[in-house]
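The values are calculated or read from the model by the stated rules, or taken from the named source; none is laboratory data. Computed from a predicted model, the values in this text were never measured in an experiment. Positions of Cβ are backbone-derived with ideal geometry, glycine not excepted, and every protein chain shown enters the neighbour counts. Side chains included, ligands, DNA and RNA excluded: accessible areas come from the protein's heavy atoms. Shrake-Rupley method; radii C 1.70, N 1.55, O 1.52, S 1.80 Å.
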Amino acid sequence: MKHIKALFAFFLLYTIILNNATEIFAEDVNLSQEAETAVSQADPLDMSEEEYSPDDIIPAYLDENGEPVIVAKSAVVIDADSGIIVWGKDENAVHYPASVTKVLTSLIACEETEPTDLVTFSHEAVYGIGEGSSSIAVREGETLNMDQCLHAILMASANDVCVGVSEMIDGTQEAFVERMNQRAKELGALNSHFDNSHGYHSENHYTTAYDMAVILKEAVKNEKFMASFSCLTYEIPETNIVDEVRYINHKAKILWEDSPYYYQYIKGAKTGFTDQAGNTLISYAEKDGIKLICCVLADRGVNTYTDTILLFDYCFGRYSEQTLVEPGELQLSLPVCQNYNGNVIDLGTVTASVAEGYSALMPSVVNKESVTISYDVPDSIVGGVNEGEVLGTAIVSYGGNQLASLNITADETIEAIPEEVLIKEEKTKKLIKLCMWSAVGLAIFLAIIIAINRIVNSKMYRHKHKYKKQRKKYRKARRANGRNKP
């Protein structure tokens with residue numbers, strides 16, 4: 001019996017330990033999996049680790065539901081005016097950008113310099129750009145102007161020119177990279193970090209499709225940038241060192257009419273490639289008043305073009321004319337007042353609304369129910385208001401992107417009281433006040449007189465009453481004395 005009890009106790013203890021161990025190891029496995037997932041989400045995808053055969057690539061197409069199927073691991077199309085995401089595929093996933101980095105470098109160069117500014121290339125710019133870097137073979141000590149540099153960067157993807165430009169602007173490429181990261185954050189590219197000015201592979205140089213799209217959204221507003229971004233052919237004449245003309249052709253096939261990958265609505269593009277990044281492409285297109293930006297990352301070969309063309313065509317077809325605010329909508333009531341001699345005079349309330357409304361070509365993701373309205377109006381209107389007067393604005397937004405700023409106007413007139421009327425009213429009030437105080441003073445005076453009179457009368461009454469009593473007593477005494485005489 002003792003042996004059975006001991007065996008049972010051992011079995012129970014073993015079961016408890018085994019269960020705890022299983023839970024502990026299972027927990028370790030779960031934690032390990034979570035850690036691995038977190039790393040995979042944070043680390044850029046290395047395309048060089050994937051087996052690649054052009055014959056295995058499936059061209060982009062629309063599935064049975066009419067949705068795009070593309071080769072790129074990550075892509076986005078945004079509206080170039082509003083920043084609205086029209087379509088996306090893992091647009092916030094982190095990837096290596098390769099040479100689409102040069103969009104940010106060129107934007108900063110356009111913002112910080114003039115086309116005639118000169119760039120003289122250092123030893124580092126010529127020889128420190130990494131093996132296999134694309135370049136236009138600038139020479140140490142050679143000088144180009146900024147316009148020539150921008151064309152070399154955006155058309156020929158010249159890494160050497162990127163370094164020279166960054167050194168010209170900030171002294172060193174490292175200082176310029178700090179500016180790049182700061183500018184990216186200002187533009188809303190919050191999931192990116194740049195480690196150089198050109199996109200040569202670095203583990204600490206990464207971005208997302210969405211981040212690059214919002215950077216290009218700012219860049220296409222700049223005429224100097226667009227002049228290079230959309231240019232097909234360019235010539236750099238002889239320089240202080242090189243005695244021959246450099247002929248530059250844009251690398252992006254999507255821009256060339258004789259290319260099978262040409263897109264008729266394209267306005268500019270920038271390609272990129274490294275083994276780790278794969279092929280990347282960022283581009284800008286316009287059609288029927290619609291402006292779109294497309295960025296594809298971690299793509300393969302010419303699929304950057306077929307993916308981009310399919311996405312542009314699909315997204316251009318996702319727009320329709322929509323009325324987001326009707327005229328007369330968004331009514332508000334605002335107090336109206338007037339200041340005079342340090343006093344606030346209430347004039348009532350005025351109704352206000354949007355007079356013109358807002359209609360525009362919008363992607364299908366946007367509708368009247370999905371937009372948000374915020375107001376920028378004063379707490380009160382001072383000094384009267386006229387019908388039609390602009391009192392403030394209504395901001396129409398979608399997904400944090402401002403679509404329109406509409407004037408809020410008064411629906412009626414509330415006039416301020418003329419100053420002469422206020423002066424007259426003030427005099428009248430003073431006169432009334434004076435009369436009131438005079439009346440109060442007179443009433444007090446009369447009350448005092450009456451009180452005094454009463455007091456005096458009371459004393460006289462008591463005196464007369466006393467005198468009458470004395471006389472009565474005296475007469476009574478005389479009568480008594482008269483009867484007593486012999």
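If r is the Cβ-Cβ distance from A480 to R454 and R0 is 30 Å, what FRET efficiency results, to the nearest 0.05? Display every interim value, and only then the final one.
On the way: r = 38 Å, r/R0 = 1.28.
Approximately 0.20, to the nearest 0.05.
How large is the charge dipole for the chain, taken about the Cα centre, if only the Cβ atoms of Lys, Arg (+1) and Asp, Glu (-1) carry charge, to the nearest 20 debye?
11260 debye
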Pair I345, K472: separation of 7 Å Cα→Cβ label points (nm): 7.1 nm
Electrostatic dipole magnitude of region 150-223 [Cβ: Lys, Arg +1; Asp, Glu -1; Cα centre; debye, to 20]: 280 debye
For region 110-115, 3J(HN,Hα) per residue [Karplus equation, 6.51 cos²θ - 1.76 cosθ + 1.60, θ = phi - 60°, Hz, x = Gly/Pro]: 5, 6, 9, 9, 10, x
Residues with amide H under 5 Å from that of I345, placed H, sequence gap 5 or more: Q338, N339, Y340
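Can you tell me the length gained on complete extension of the stretch M436 to E415, counting 0.36 nm per residue apart and subtracting the Cα distance?
Values: separation 21, 0.36 × 21 = 7.56 nm, distance 3.13 nm.
Between M436 and E415, full extension yields 4.4 nm more.
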HN-Hα J in Hz across region 155-172 - Karplus 6.51, -1.76, 1.60, θ = phi - 60°, x for Gly and Pro: 9, 9, 6, 7, 5, 4, 5, 4, 5, x, 5, 5, 5, 5, 7, 10, x, 9
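Would you please give the FRET efficiency between S320 and T116, computed as 1/(1 + (r/R0)^6) with r the Cβ-Cβ distance and R0 = 45 Å, to the nearest 0.05? Write out the running numbers ahead of the final one.
Details: r = 45 Å, r/R0 = 1.01.
Efficiency, from the Cβ-Cβ distance: 0.50.
Using the heavy atoms of the protein chains and a 1.4 angstrom probe, tell me the accessible area per residue for region 249-381 in square angstrom.
On the way: 5960 Å² over 133 residues.
Computed with neighbouring chains in place, this is 45 Å² per residue.
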Stretch gain in nm, segment E257-E369, where the contour uses 0.36 nm per residue and the Cα spacing is subtracted: 36.1 nm
Approximate spin-label separation A355-Y247, in nm, with each point projected 7 Å along Cα-to-Cβ: 6.0 nm
Contact order relative to length of the chain, as percent, for alpha carbon pairs under 8 angstrom and 6 or more apart: 13 percent
Inter-part distance where region 66-95 and region 172-203 are each reduced to a Cα centre, Å: 22 Å
Between helix 419-484 and the chain: long-axis angle, C-alpha atoms, 0 to 90°, nearest 10: 30 degrees
Nonlocal amide H pairs with V350, under 5 Å, H built at 1.01 Å: L334, V336
Estimated inter-spin distance, D288 and N191, nm [label 7 Å along Cα→Cβ]: 3.1 nm
Farthest positive-ward along the chain dipole, Cα basis, beta-carbon charges - from T274, L324, S458: S458
Principal axis box of the chain, alpha-carbon based, largest edge first, Å: 172, 102, 53
